[in-house]
Amino acid sequence: MFAQLHDISVNFGEVRALDSVSLDISPNQIHAVVGENGAGKSTLMSVLFGLNVNYGGQIFINDTRKTWATPSDAIKAGIGMVHQHFMLIESMTVLENIILGSEPNKYLGFLDFQLAEKKISNLLETYNFSINLHQTVDKLSVGQRQMVEILKTLYRSAELIILDEPTAVLTPAERLDLFNSLQDFKNAGKSIILITHKIDEVIANADHVSVMRAGQLISSLPIDGTSQTQISEEIVGVSKTKSISRKKIKAGSVKLNLSNLDILGMPQIGNAFNLEVKASEIVGIAGVAGNGQSELIEAIIGLRSSKSGFIEICSRDVTGADISTRRDVGLCYIPEDRQKRGLALGAQLSENASISSLVSKAFSKGPFLRKTKIRNFTEGLIKKFDVKASSPSALASSLSGGNKQKLIIARELSLESDVIIAENPTWGVDLGAINQIHHELLSMRENGHAILLVSSDLDEILTLSDRVLVMFESELSQSFCTEKVTREELGKLMLMKASDKKEQKKINTA
Amino acid sequence: MKQFKFLYFLKHNTVRYFMTALSLFFILLLLLNLADASFFEASQAFLKSAFGGRRYAYLYVTISRCALITGMAIAALIAFRAGLINIGGEGQLVIGGFAAAFVSIYSGVTGVPGIILAILSAMIGGGLWAVLAGLMKLKLGVPILVGTLLLNYPARYITSYFVSHPFRDVASGMPQTLLLDKSLWLPFIEGTRLDTGFIFILIVYGFVLIYSHRSVPGYHAKMTGLSIEFAATSGINIFNTTLKTLAFSGAIAGLVGAIAVLGIHHRFTDGMLVQPLYAWTGIVAALLINLVPWAILPAGFFFASLTSGASGMERTADVPKEIAIIIQGIIILFVASRATGIASDTKNKEEGN
Amino acid sequence: MLADLFDPAFADSVARIAVPILLASLGGAICHRAGVFNIALEGFILMGAFAAVLGTFMLGHVFWGVLSAILAGIFMGLLFAEFHLRRPGDAIVVSIALNLIGLGLTTYLLRSVLGVSGVFQNEALGKITEINLPVIESLPVFGSFLSGQSILFYVSIFLVILLHYIYSRHKLGFWMRAAGENPLALKTVGIKPTPVKLLALVLCGVCCGLAGAQLSISNVSLFVENMSAGRGWIAVVIVLVTNGRPIPILGLVLLFGFVDSLSLRLQGFGFPQQFTEMMPYIASLVALIFVSIRRMKNLVGMRGYDNG
């Protein structure tokens, strides 16, 4: 299918999200669209797929002008989309999810399951997929769910398949399978649009690459005519990436100590946890999301209980203590989900900024709030961390994503707790803020704080951590000195049980 | 810029408020027409009965009613702000009212100590009834909304049984308790026929303003209401906050019951706190003002006037007084169609629309 | 004594008590599954019950009564949709408003249109046709349960089965389930969730209208102020307990009918009337606690708070 996007512009309020973007998609091609968060990739695709109908410009499919009222028009024209957040109904089976919205009719709207099953089985055979059609989706792995999403588009005979950040949640092996399938589709004459921000994937798999930045199309070239460096420069614009250096400091005494901790409700059956974080040390935990990292953090924070073992903060046993006791002893937490755990969006900035200290009674006098003190404190935080906000009484919902994150980090770091838990602290934040956050974390380290950094971004872990561990299927690997381990080795570990001691040793000695 | 925003606001909202008022007016005309009443006559009766009467007798009734409705509205507001959809104010009110009457009659304490004792028992009774729903939520997982609501019925029927059988004033022939000792009646304000019950509510009103804006427990409750996950991760004890807030909310409902018993009826009659829909009107008042604490008193007065006025229309213009309930419902429909601050999760799944 | 309790009249009363609650629960379930938190069932039923009486009285036949009840239910459903789907009203607030409007409007119209307060009774009010099934009616105990009931009894049983099949193998059922669980997913396959939810509200209106009709022109032939008397809330609880699945709803409603009839019987043995009236709510609470505990166990290990 030939698809052409011509002069597409989209405004969100006063913000121009897309600025006259034109893009040509050809059949038998994997066309990668790359760019940072907020560059406009997803917006462009939602226009092409009919999810966003308030746009300027034209869409041509096989040289005829098309307008969509809803996604179903786009679907009928042969466009399919695999969304970053899967669009599946958990309680329904694989089969039911695939046919939802395009159900084969038997009589009076009742469904012809046999016909559907036959059609889908054919697809499975053609593209060499294997999946149990009668399994409910809630029991599937992430990779399998993605397969269901792809099958949804194939079932609707899509000729153009858009994949939005398809590899973000996949293990390397699943990634390989995905790209093999994409090659099959390509050879079968389909067009593939691959939205991603991972350049190495683009270089290895795409035929054509278009770079977007700040709502504009920067370049659109065949893959042979470009290079990894060129793409990354185009993505970032003027090179802003400055390498951060970690000073050499000797780690101090143990501040956070998990000993044989057996946590309730882990996603897989794993081993009990043993972990130490010392003063002036950043310990990174790498791993693909969903391998028990959030449960581990919840247990340390006090949101989740454990069966056995103990947790010590600053040499004090806090295993059975509640959250506020742990915070009093010396713990702060930068959560991954800032909308839910990090802020109350409907509350004022000052109310958000003072919550941790209020719990520790610094801003109250008896049962009363010390309003002036709270306000001054908030103004201080805003200034120190360069949070772009109108006033301390503005609502938290009025801040942009990066500024929300800065406010959270400002608040938590201001507590000067001995132990800092940071969970994907730069997730979805722009480059400038990322640098600032990394810088702050490192200066906390220099000031003698113990930091546990959990991140699915391997580069972040390698930049910041002194030691690194890998979490896979609810088990922690042994810890490695960051200087003595490579990206590739850690990548391998992200797919390997810690109990496979032999393999680990191989890596260790390699 | 600021000016522009203000004009923008005015333009956008005037049209909306005007349309709401207009639709309300037409519905009102239609209803009055069904009851064969003239608009002029009905509105005259309404005004007289809400604010007039011989020596302002009706105005005193309105103020007295305002105290009860505002009290129930405060009870709802406190819980709603903490994200606890306590729609069981009715049960807490009934328990409080009965407790006040029971203690007044059978403790033998008279005079001011008796009044204090009655009010305290009513607050404890109402508070415990609300805490029961809180415990069902925290220990058993029963949603607050349904738990509080379902507890209305046992409260209603158990008290009904008490005043029909063991504690009945047999001589009166009605399902009600004995009359309270005169020394326990709340006195009238000098020179008027207005009982002092509303003073208690004014005190509560002031207390709640401080609680909501300047106190640590009020802050904890607000943050819990806005985002329970955030509050919990920040170290606020959700268990305590939930129970304390519910106890506070229920205690105020109980206090309202005590005021109705000590100040107005001087006994507990089956259904006397349920039939006038005090609890539901209170909830409606709290929702109308989008849970902003200072506005609760005007809102309570508004609905008290509405109810009083409607009774007047029934007396003189033969318009059923239920017109007040219909108007309440319609106002809330239009108000709810602005996004409200109530923290129910029902809108979260709406992304797809 | 047991024979005194469980006689044919007992079986008959189980069915009569169950039908309105069953119909209302099905209505609530349709909304619940489609992601509309409708707790205004009480108001819906009341409007249906009043419209049934008014229609029968004005137009002279129960058929018109049933039709009016359905239309009144649909009217409430559309009101709900206008304020919850088209405007961004919170479902709980809209529900509270509609419950008040249902109560206020029926009482108001009773006084202003029919000219009485309290109870409206008239010879012109008939009852919905009752059907006697040959052979089945002579079965012991179950005969009087299954036979001699109003048409709506059979309609409601049919609706349970129909709804079950609609959810498992009809596209509308699929869409409604998707609209409830993940509306965005439905949107991305090209079906707008809002009309699906609107449909659910209208169907809920139909069911609740029928529930009201069963109350006012089948179980009795009169209208009393606030006639639904909490049945809508019991239906809400039943929907929550069963998660809106039709077959479990039928089972639970029958259990309710049984408990309710039993407590009515016990009144004859000297139990106070208030005990009887309280029973359905206590039973609802027990059922809810039972299910809630089980659901809570799924949140293994979480403490401090839970979502819900």
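The values are calculated or read from the model by the stated rules, or taken from the named source; none is laboratory data. Since this is a predicted model, take the numbers as computed values, not measurements. Note that each Cβ is placed from the backbone with ideal geometry, even for glycine, and that neighbours are counted across all protein chains shown. Only protein heavy atoms, including side chains, enter the accessible area calculation; ligands, DNA and RNA are left aside. Shrake-Rupley method; radii C 1.70, N 1.55, O 1.52, S 1.80 Å.
State which residue pairs qualify: first residue touching a residue at least 60 places away in the same chain (Cβ under 8 Å) and inside segment A:399-426, second residue polar (S, T, N, Q) in any location, beta carbons under 6 Å apart, and separation of 6 or more residues or different chains. Between residues of segment A:399-426 that are touching a residue at least 60 places away in the same chain (Cβ under 8 Å) and residues that are polar (S, T, N, Q), the close pairs are A:LEU415/A:SER356; A:ASN424/A:SER455. Take the conditions more than 21 Å from A:GLN293 (Cα to Cα), at pLDDT 90 or above, part of a helix (DSSP H, G or I) and not β-branched (Val, Ile, Thr) and apply them to A:ALA410. Does it pass? Answer is yes for this residue. The set of residues in segment C:137-154 being open to solvent by 60 Å² or more (accessible area, probe 1.4 Å) and either within 16 Å of C:ALA49 (Cα to Cα) or of a type in the set (Val, Ile, Thr) (or both) consists of C:VAL141, C:ILE151.
Identify all residues within segment A:186-237 that are of a type in the set (Asp, Glu), under 24 Å from the mean Cα position of the chain (by Cα) and open to solvent by 50 Å² or more (accessible area, probe 1.4 Å); write none if there are none. Hits for segment A:186-237 are A:ASP200, A:GLU233. Restricting attention to segment A:440-490, the residues that are at positive phi and buried (at least 18 other Cβ atoms within 10 Å of the Cβ) total 2. For segment A:97-121, filtering for residues that are open to solvent by 70 Å² or more (accessible area, probe 1.4 Å) and within 30 Å of A:ILE59 (Cα to Cα) leaves 0.
The condition (being facing chain C (nearest Cβ under 10 Å), touching a helix residue (DSSP H, G or I) at 6+ places or on another chain (Cβ under 9 Å) and at pLDDT below 90) is satisfied by just one residue among A:LEU88, A:LEU100, A:LEU111: A:LEU111. Give me the residue from segment B:237-273 that is within 14 Å of another protein chain (Cβ to nearest Cβ) and of a type outside the set (Val, Ile, Thr) and, out of that set, nearest to B:SER121 (Cα to Cα). The qualifying residue nearest to B:SER121 (Cα to Cα) is B:PHE248. Any residue at all in segment B:224-236 that's within 14 Å of chain A (Cβ to nearest Cβ), among the small types (Gly, Ala, Ser), on the phi > 0 side of the Ramachandran plot and touching a helix residue (DSSP H, G or I) at 6+ places or on another chain (Cβ under 7 Å)? Yes; the residues of segment B:224-236 include at least one that is within 14 Å of chain A (Cβ to nearest Cβ), among the small types (Gly, Ala, Ser), on the phi > 0 side of the Ramachandran plot and touching a helix residue (DSSP H, G or I) at 6+ places or on another chain (Cβ under 7 Å). Restricted to helices (runs of 4 or more DSSP H) entirely inside segment A:266-382, those with at least 1 residues that are free of Cβ contacts under 8 Å to residues at least 24 places away in the same chain and open to solvent by less than 10 Å² (accessible area, probe 1.4 Å) are A:355-359.
Scanning segment A:168-183 for residues that are modelled with pLDDT of 90 or more and closer than 18 Å to A:ILE199 by Cα turns up A:LEU178, A:PHE179, A:ASN180, A:LEU182, A:GLN183. Among the residues of segment A:27-47, the one identified as part of a loop (DSSP other than H, G, I, E, B) and hydrophobic (A, V, I, L, M, F, W, C) is A:ALA39. Looking at B:LEU140, is it more than 11 Å from chain C (Cβ to nearest Cβ), open to solvent by less than 70 Å² (accessible area, probe 1.4 Å) and over 19 Å from the mean Cα position of the chain (by Cα)? The answer is no for B:LEU140. Taking residues in segment C:271-283 that are among the charged types (D, E, K, R), and partners anywhere that are part of a helix (DSSP H, G or I), the pairs with Cβ atoms closer than 7 Å and at least 6 places apart or on different chains are C:GLU277/B:TYR157. Please name all residue pairs, on different chains or six or more residues apart, with Cβ atoms under 7 Å, provided the first residue is in segment A:116-141 and is basic (Lys, Arg) and the second residue is at pLDDT 90 or above. From segment A:116-141, the pairs are A:LYS119/A:TYR155.
Does A:ILE409 fit the bill of being open to solvent by less than 60 Å² (accessible area, probe 1.4 Å), under 25 Å from the mean Cα position of the chain (by Cα) and closer than 24 Å to A:ALA272 by Cα? When the stated conditions are applied, A:ILE409 does not pass them.
Matching residues to (1) open to solvent by 10 Å² or more (accessible area, probe 1.4 Å); (2) part of a loop (DSSP other than H, G, I, E, B):
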position: B:TYR205; (1), (2): yes, no
position: B:HIS220; (1), (2): yes, no
position: B:GLU229; (1), (2): yes, no
position: B:GLY271; (1), (2): yes, yes
position: B:THR281; (1), (2): no, no
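Scanning segment A:48-96 for residues that are part of a strand (DSSP E or B) and surrounded by fewer than 19 Cβ atoms within 10 Å (Cβ to Cβ) turns up A:GLY56, A:GLY57, A:GLN58, A:PHE60, A:THR64, A:ARG65, A:LYS66, A:THR93.
Could you tell me whether any residue of segment C:256-276 is part of a helix (DSSP H, G or I), within 10 Å of chain B (Cβ to nearest Cβ) and open to solvent by less than 40 Å² (accessible area, probe 1.4 Å)? Within segment C:256-276, one or more residues are part of a helix (DSSP H, G or I), within 10 Å of chain B (Cβ to nearest Cβ) and open to solvent by less than 40 Å² (accessible area, probe 1.4 Å).
With respect to the conditions (1) within 16 Å of B:MET123 (Cα to Cα); (2) not in a helix (DSSP H, G or I), B:ILE87 falls short on a single one, namely (1).
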